[in-house]
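Student: I'd like to ask some things about the structure below.
The values are calculated or read from the model by the stated rules, or taken from the named source; none is laboratory data. Every value quoted in this text rests on a predicted model; they were computed, and no experiment measured them. Cβ: placed from backbone, ideal geometry, glycine included. Neighbour counts: every protein chain shown. When the accessible area is computed, the model is the full protein with side chains, heavy atoms only, and any ligands, DNA or RNA have been set aside. Shrake-Rupley method; radii C 1.70, N 1.55, O 1.52, S 1.80 Å.
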Amino acid sequence: MKNLILSIGLFTAVLVSSVSFAQTKRVPASYGREEYIEVEKNVKLHVTDLGEGQPIVLIHGWPLSDAMYEYQYAYFTQQGYRVIGITLRGFGLSDKPGGKYNYDVFVDDIKVVLDKLNIQNATIGGFSMGGATVIHYVAKYKAAHVSKLALFGAAAPTWTKRADFNYGFWTKEDVDGLIKLNNTNRPQLLENFGKIFPANETSVSPGYGAWLGTIQAQASPYAMAEGLKTLRDSDLRDDLKSITIPTLILHGKLDKICSYELAEQMHALIKNSTLVPLEKSGHALFIEELDKFNSELLKFVKK
């Protein structure tokens, strides 16, 4: 009996020791990826980093966040890709410091994130202001970390009309009015944009509209105003001329925020580009024609 008790005690000790060892060697369920990445002292960006495989990097538009790509995350992770959404400073769950909010600041932040994640051979895509941002990223950093560019309803070459660029819907005076409204009645500004965001009143359901509204409400009012100034004043024509990597341009034919004329101008300036119109979409092309949007982007990534 004494020997039996001793044997049971030894077995229990070995079992407990084995469990403790297994716990200390546990593999992180999250792949060990960070959700917040510091890009400069006291400034961290929110990053959604899902799936495994060839990377696709997505940048949101004004005044959204990386959460806008919910249905791209679901689709592309199932297709065997790693999808990385970066929320720019001032928006969504990222930090909201004072200071500058221009394309140089945005792309410098993106470069830090891609450096830290050691991303290689990615497709980088951007929507609206995010489209302009990724254009500047590829031009400024000579396509570091990326091999393909995708533009979704991009606010480029310039979002506002000027003497030598009479395309699009907005004048600088129009945008000054948007900035004033942002600083006096931001809910009205968001409501006004919500009305012209889709192709028509029924192309985006009330549920989708409410979802987008919750994302927009997270943006810093200061960042929204500064982002509008960047949209108003920036001219990316020289950046577009310098891009040589394969580029996909997806743009809604019925877009009331970034005119389809802008897509035609981008296509003319980027030598190695393909323009795919989304015939039924306004600015909300990533949900208005969700299946076509995802399948065209997948086809491009696979080339």
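Student: The conditions are (1) surrounded by fewer than 20 Cβ atoms within 10 Å (Cβ to Cβ); (2) in contact (Cβ under 8 Å) with a residue 24 or more places away in the chain; (3) farther than 20 Å from G227 by Cα; (4) polar (S, T, N, Q), and N118 fails exactly one of them. Which is it?
Tutor: Result: N118 fails condition (2) only.
Student: In this structure, does L262 turn out to be closer than 26 Å to S147 by Cβ, touching a helix residue (DSSP H, G or I) at 6+ places or on another chain (Cβ under 9 Å) and of a type outside the set (K, R)?
Tutor: So L262 fails the test.
Student: Shifting gears a bit: Just to be sure I understand, how many residues within the stretch 283-303 are among the acidic types (D, E), in a loop (DSSP other than H, G, I, E, B) and within 24 Å of G53 (Cα to Cα)?
Tutor: The total comes to 0.
Student: List pairs: first residue in the stretch 171-186 and without any contact (Cβ under 8 Å) to a residue 24 or more places away in the chain and under 10 Å from T160 (Cβ atoms), second residue β-branched (V, I, T) and open to solvent by less than 70 Å² (accessible area, probe 1.4 Å) anywhere in the structure, Cβ distance under 7 angstrom, at least six positions apart or on different chains.
Tutor: T171/T160
Student: Could you list, in sequence order, all residues of the stretch 70-115 that are out of contact with any strand residue (DSSP E or B) (no Cβ under 8 Å at 6 or more places or on another chain), among the basic types (K, R) and over 12 Å from I37 (Cα atoms)?
Tutor: Answer for the stretch 70-115, where residues must be out of contact with any strand residue (DSSP E or B) (no Cβ under 8 Å at 6 or more places or on another chain), among the basic types (K, R) and over 12 Å from I37 (Cα atoms): K96, K100.
Student: Within the stretch 206-227, count every residue that is within 23 Å of L290 (Cα to Cα), open to solvent by 50 Å² or more (accessible area, probe 1.4 Å) and of a type in the set (S, T, N, Q).
Tutor: Of the residues in the stretch 206-227, 1 are within 23 Å of L290 (Cα to Cα), open to solvent by 50 Å² or more (accessible area, probe 1.4 Å) and of a type in the set (S, T, N, Q).
Student: Is it true that some residue in the stretch 170-183 is at pLDDT 95 or above, under 17 Å from K229 (Cβ atoms), open to solvent by less than 40 Å² (accessible area, probe 1.4 Å) and not in a helix (DSSP H, G or I)?
Tutor: Yes, the stretch 170-183 contains at least one residue that is at pLDDT 95 or above, under 17 Å from K229 (Cβ atoms), open to solvent by less than 40 Å² (accessible area, probe 1.4 Å) and not in a helix (DSSP H, G or I).
Student: Okay, next question. Residues being open to solvent by 40 Å² or more (accessible area, probe 1.4 Å) and out of contact with any His (no Cβ under 8 Å at 6 or more places or on another chain): count how many of those fall in the stretch 83-98.
Tutor: 3
Student: Residue by residue through the stretch 237-248, note down the ones that are open to solvent by less than 10 Å² (accessible area, probe 1.4 Å) and within 14 Å of P157 (Cβ to Cβ).
Tutor: Within the stretch 237-248, L240, I243, T247 meet the criteria.
Student: Now, a different point. Evaluate the following for V39: is it touching a helix residue (DSSP H, G or I) at 6+ places or on another chain (Cβ under 8 Å) and of a type in the set (V, I, T)?
Tutor: Working: touching a helix residue (DSSP H, G or I) at 6+ places or on another chain (Cβ under 8 Å): yes; of a type in the set (V, I, T): yes.
Taking the combined requirement at face value, the residue satisfies it.
Student: Still on this model: Confirm whether T230 is within 19 Å of the chain's Cα centre (by Cα), of a type in the set (S, T, N, Q) and either open to solvent by 10 Å² or more (accessible area, probe 1.4 Å) or under 19 Å from G125 (Cα atoms) (or both).
Tutor: yes
Student: Right, another one. Restricting the search to the stretch 48-71, which residues are open to solvent by less than 20 Å² (accessible area, probe 1.4 Å) and either touching a Cys at 6+ places or on another chain (Cβ under 8 Å) or within 23 Å of P221 (Cβ to Cβ) (or both)?
Tutor: I59, H60, G61, P63, L64, S65, D66, M68
Student: Yes or no: the stretch 249-267 includes at least one residue that is acidic (D, E) and either assigned to a strand (DSSP E or B) or open to solvent by 30 Å² or more (accessible area, probe 1.4 Å) (or both).
Tutor: yes
Student: Among the residues of the stretch 218-234, write down those that are in a helix (DSSP H, G or I) and not charged (D, E, K, R).
Tutor: Listed by number, the residues that qualify are P221, Y222, A223, M224, A225, G227, L228, T230, L231.
Student: Suppose we keep only residues that are touching a strand residue (DSSP E or B) at 6+ places or on another chain (Cβ under 7 Å), open to solvent by 10 Å² or more (accessible area, probe 1.4 Å) and polar (S, T, N, Q) within the stretch 268-303. Which one would you say is nearest to S205 (Cα to Cα)?
Tutor: In this case the residue turns out to be T274.
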